[in-house]
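Bear in mind these aren't lab numbers, they're just calculated from the coordinates by the rules spelled out. Model, not experiment: these values are computed from the prediction. Counting neighbours? That spans all protein chains shown, and the Cβs are built from the backbone with ideal geometry, glycine included.
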Amino acid sequence: MKIKIPVLTVLSFALSMVGCRPISLVLAPRPAELRQLEGYASLKITINQQTAKSKFSFSVELPHQARLQVLDMLNRPVYEMVVEGETSYFVLSSKRVYWQGTTDEIFEKFLGFRLSLREMAGLLSGGWAEGRGEEPIFKGWTFEKDGHGRVVSGERQDFQFRVRGFDAGGHVPRQLTFKSLQSEGRLSLLSIQFNRPVKSGLFSQAALKDFALVSWEEIERILKNED
């Protein structure tokens with residue numbers, strides 16, 4: 001996989017805006033049927049011997065919608081990524097601009113490798129089970145499970161992850177490490193809840209009608225200037 005996106009531009013800006021006070025780790029049991037998940041996580045990623053960190057909130061409603069917000073020290077959004085089916089938006093509300101791309105592109109910009117929304121939900125929740133009688137969701141993946149049936153590692157082409165710990169007695173990963181051709185890092189779950197009612201309008205793109213659509217190069221220039 002050839003990556004041309006300088007992910008550290010995004011994450012370095014986030015690092016300058018994120019405080020150090022941790023969020024309490026309160027993990028709920030994973031339900032048998034994963035429909036929705038929300039919570040907080042932290043990310044540490046290294047690309048070309050440069051390391052950056054960020055903290056973000058996430059709300060995912062499977063199979064098609066999500067909102068991720070990178071937060072500052074007061075837990076206010078610095079920038080956000082919104083997924084609507086196969087279309088996604090990288091939004092800088094303070095500058096009233098946004099970039100539009102595909103869903104796997106938006107996660108490539110954030111993590112350094114391409115993922116579908118369902119695969120991103122699998123990393124955050126540990127919910128890698130296939131639905132019965134459905135078209136396979138995780139094509140091309142190889143998983144390793146432990147004696148409790150939990151996925152402890154996964155691999156697809158040039159990307160792999162390994163779970164470093166689960167919540168007590170559950171299937172939710174507290175922390176996992178990942179590696180691809182271009183990046184490696186650690187994702188730590190700070191809190192998560194499942195299958196809660198979604199706030200009305202959470203995934204709405206109505207505000208974007210007043211924002212300017214710009215290129216990714218322009219987004220990078222704005223982030224560099226802000227940093």
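Before moving on, here are some points about what is shown:
- Distance violations [Cα-Cα > 25 Å] among Lys139/Lys199; Lys95/Lys209; Lys109/Lys145; Lys139/Lys209; Lys145/Lys199; Lys53/Lys139: Lys139/Lys199; Lys109/Lys145; Lys139/Lys209; Lys145/Lys199; Lys53/Lys139
- Net lengthening on full extension, Asn48/Gln193 (0.36 nm per residue, minus Cα-Cα): 48.7 nm
- Mean-position separation - Cα centroids, the range 170-216 and the range 85-155, in angstrom: 9
- Label point at Asn75 placed 7 Å out along Cα→Cβ; residues across the range 40-54 whose backbone nitrogen lies under 11 Å: 40
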